[in-house]
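> Here it is: the structure, laid out below.
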Amino acid sequence: MIESTKGNLALVNPNWSAFVLMVTFLSIINSLAALLPLPDDAKIVLRTVNMAISVVLWADFVYLLRKSPNKRAFMVAQHGWMVLLGSIPMLRFLRIIWFHLTLKKSNHSLRDFLAGIVIKQDAGGTLLSVLFVAIVLFEVGVVAILSFEETAPGSNITSISDAFWWASTTVTTGGFGDKYPVFQGGRLIAVLLMILGIALFSVITGSLAEWFRGRQLQPASRQSGEVPATATAVAEIRDLLEQQMEMHQQSIAELKGKIIELEERLEQPKRG
């Protein structure tokens with residue numbers, strides 16, 4: 001998400017912003033793919049996914065508008081009207097332009113923005129990445145299998161529900177066997193879905209394992225006496241401050257001693 005900060009738009013949740021950007025590109029690709037000579041059911045799938053993306057983009061616009069302290073400035077100066085119109089399937093390109101203007105105004109490049117997400121690699125980013133990949137896998141799998149199998153002789157995948165059921169069992173490598181491709185192109189799509197499904201679940205498993213490992217290491221590091229970097233810096237600054245105070249106290253004591261010696265020397269002639 002992004003919000004207004006002193007009149008400028010600043011990225012505050014890069015993971016969500018990247019997810020919105022990716023589904024926007026996916027929606028544009030779907031609109032172009034719908035122009036190809038695909039089966040009617042495949043085009044219905046593309047339009048359905050675009051409608052779901054529209055809901056996500058509308059929700060994102062509402063959030064941005066509510067979070068903006070100056071809604072008029074958001075709509076005009078910060079080009080919020082692009083966010084609104086970009087939620088319409090045929091005007092998705094306005095979302096891309098608005099995102100580019102947002103990065104430019106925030107002094108970020110797209111490369112730095114994406115690099116920051118890759119380096120951070122937190123749980124939220126991983127979850128949204130897995131969600132996006134899952135959407136793409138199901139959509140591509142369903143559209144492709146309908147293109148190959150819907151009109152193939154002897155096919156048992158002849159409807160959208162059949163294609164969704166087959167894609168679900170293939171991605172999860174369940175393979176109940178009640179729905180299966182009979183055309184060579186459909187079998188190739190099945191192999192690709194199985195490979196990508198295994199890779200996808202491996203990423204999920206690895207991310208969860210790393211998350212649990214991180215939570216287990218935190219108590220252990222505290223028990224072993226490790227001090228967080230911030231606490232260590234504070235302790236070092238405190239030690240330096242104490243050393244400086246001791247040095248100043250010594251200097252003050254020496255100055256007082258010299259003042260006493262001068263006063264005694266000045267009083268000796270008077271006594272004589």
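> Within the stretch 59-72, does at least one residue satisfy the condition of being of a type outside the set (Ser, Thr, Tyr) and outside any helix (DSSP H, G or I)? It would help to see each step written out before you state the result.
Of the stretch 59-72, the ones of a type outside the set (Ser, Thr, Tyr) are 59-62, 64-67, 69-72.
Subset that is outside any helix (DSSP H, G or I): 69-70.
The answer is yes, given that some residue of the stretch 59-72 is of a type outside the set (Ser, Thr, Tyr) and outside any helix (DSSP H, G or I).
Table: residues versus (1) more than 19 Å from the chain's Cα centre (by Cα); (2) surrounded by 18 or more Cβ atoms within 10 Å (Cβ to Cβ); (3) modelled with pLDDT under 85.
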| site | (1), (2), (3) |
| --- | --- |
| 76 | yes, no, no |
| 80 | yes, yes, no |
| 86 | yes, yes, no |
| 120 | no, no, yes |
| 162 | yes, yes, no |
| 167 | yes, yes, no |
| 174 | yes, no, yes |
| 178 | yes, no, yes |
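The values are calculated or read from the model by the stated rules, or taken from the named source; none is laboratory data. These numbers come from a predicted model, not from an experiment. Because the Cβ atoms are built from the backbone with ideal geometry, glycine has one as well, and the counts that use them run over all protein chains shown.
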